[in-house]
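The values are calculated or read from the model by the stated rules, or taken from the named source; none is laboratory data. Model, not experiment: these values are computed from the prediction. Cβ placement follows ideal geometry from the backbone for every residue including glycine, while neighbour counts extend to all protein chains displayed.
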Amino acid sequence: MSPAPRSPLPVTRSQLERGPVVLFAPHPDDEVLGCGLTCHRHHLAGDPVHVVIAYDGALGNRGSEAQARAAFVARREDEARAACALLGFEVPLFLRAPEGHEPGPAEFEAAVAGLADLLRRLRPATVYAPWEGEHQLDHHVLARAVRAARERLDAPRPTLWQYEIWSALVPTHVVDVGDLWHLKEQALARHASQLEHTDLLHHIGGLNAHRALYVEGGARRAEAFARVD
């Protein structure tokens, strides 16, 4: 049996691509957890950041203040708007797909076609989406759909970076976000409905601290990515 290949060491992205950005987030709060600070760096450089939140977030209704479905979905959307405003992003677009199921071929095809049309309209230079290896079903499905949608675009296609949320990827690149960490704390605080049952900052903070191991010159926090070529 041949030995398994060694993982590559990720490269630090010290310069981000310039131009419009589209950040695809599975649920409200993932726009902060996955690559919120990297996209904030885009904002600081003058790049508009368009956030597309795919799922309605209704299954996150597990806190002590459980609400009716419609009211809870509206609450989560308000939380995402507040977090995006804090980070300098455009007002998010909510697709409101139902959570927690594997789409059939026709449903998946319709989603891919819709995402491709959206990308043609926004014409981003850079796209961020979840990593395809994510165990969480909605994260995984969205990742597949975004990749398929990008492949339908005419060249030159936008650069696609996949980010991690709950399943750690093998990164090709990392972005130093240590100096901006207070903004991730503040943006996650806007998602109060999810903090009622999960210490999001503790979990993502540990992952981002580990990713800082790979930043050249040392860092306290980093967000990690796999570039899709």
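A Cβ distance below 7 Å, combined with a sequence gap of six or more or placement on separate chains, defines the contacts here; from segment 44-64, residues that are among the acidic types (Asp, Glu) reach residues that are not in a loop (DSSP other than H, G, I, E, B) in the pairs Asp47/Val21; Asp56/Val73; Asp56/Arg96; Asp56/Ala97.
Since Arg157 meets every condition but one in (1) part of a loop (DSSP other than H, G, I, E, B); (2) more than 25 Å from Ala82 (Cβ to Cβ); (3) under 17 Å from the mean Cα position of the chain (by Cα), which condition does it not meet? Failing condition for Arg157: (3). Taken over segment 113-132, the residue count meeting the criterion of being touching a residue at least 12 places away in the same chain (Cβ under 8 Å) and of a type in the set (Lys, Arg) is 2. Asp199 falls short on exactly one of the conditions (1) surrounded by fewer than 23 Cβ atoms within 10 Å (Cβ to Cβ); (2) in contact (Cβ under 8 Å) with a residue 40 or more places away in the chain, and that condition is (2).
Quick grid of which residues meet (1) modelled with pLDDT under 95; (2) charged (D, E, K, R); (3) in contact with a Leu (Cβ under 8 Å, 6 or more places away or on another chain); (4) surrounded by 15 or more Cβ atoms within 10 Å (Cβ to Cβ):
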| position | (1), (2), (3), (4) |
| --- | --- |
| Val127 | no, no, yes, yes |
| Gly133 | no, no, yes, yes |
| Val141 | no, no, no, yes |
| Ala145 | no, no, yes, yes |
| Glu151 | no, yes, no, no |
| Glu164 | no, yes, yes, yes |
| Val177 | no, no, yes, yes |
| His182 | no, no, no, no |
| Gln194 | yes, no, yes, yes |
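Cβ-Cβ contacts under 8 Å between residues 6 or more apart (or on different chains), taken from a first residue in segment 10-39 that is touching a residue at least 12 places away in the same chain (Cβ under 8 Å) to a second residue that is of a type in the set (Phe, Trp, Tyr) and part of a loop (DSSP other than H, G, I, E, B), are listed as Leu23/Phe89; Glu31/Phe89; Cys39/Phe89.
Within segment 160-187, the residues that satisfy the criterion of being more than 12 Å from Leu37 (Cα to Cα) and in a loop (DSSP other than H, G, I, E, B) are Glu164, Ile165, Trp166, Ser167, Ala168, Leu169, Val170, Pro171, Thr172. Remark: pairs (first residue in segment 73-94, on the phi > 0 side of the Ramachandran plot; second residue β-branched (Val, Ile, Thr) and crowded, with 17+ Cβ neighbours inside 10 Å; Cβ separation under 9 Å; 6+ apart in sequence or on different chains) = Gly88/Val49. For segment 1-45, the set of residues classified as among the hydrophobic types (A, V, I, L, M, F, W, C) and part of a loop (DSSP other than H, G, I, E, B) consists of Met1, Ala4, Leu9, Leu16, Cys35, Ala45, listed by residue number. Among the residues of segment 85-114, just one is part of a helix (DSSP H, G or I), under 19 Å from the mean Cα position of the chain (by Cα) and under 16 Å from Leu137 (Cα atoms), namely Ala111. In segment 6-64, the qualifying residues are those that are acidic (Asp, Glu) and on the phi < 0 side of the Ramachandran plot, and the one that is surrounded by the fewest Cβ atoms within 10 Å (Cβ to Cβ) is Glu17. Among the residues making up segment 194-229, those that are basic (Lys, Arg), under 18 Å from Val32 (Cα atoms) and under 18 Å from the mean Cα position of the chain (by Cα) are Arg211, Arg221.
If a residue has to be more than 19 Å from Arg121 (Cβ to Cβ) and within 14 Å of the chain's Cα centre (by Cα) to count, how many in segment 135-154 make the cut?
Of the residues in segment 135-154, the ones more than 19 Å from Arg121 (Cβ to Cβ) are 135-141, 143-144.
Next cut, within 14 Å of the chain's Cα centre (by Cα) only: 136, 138-141, 143-144.
Total satisfying the criteria: 7.
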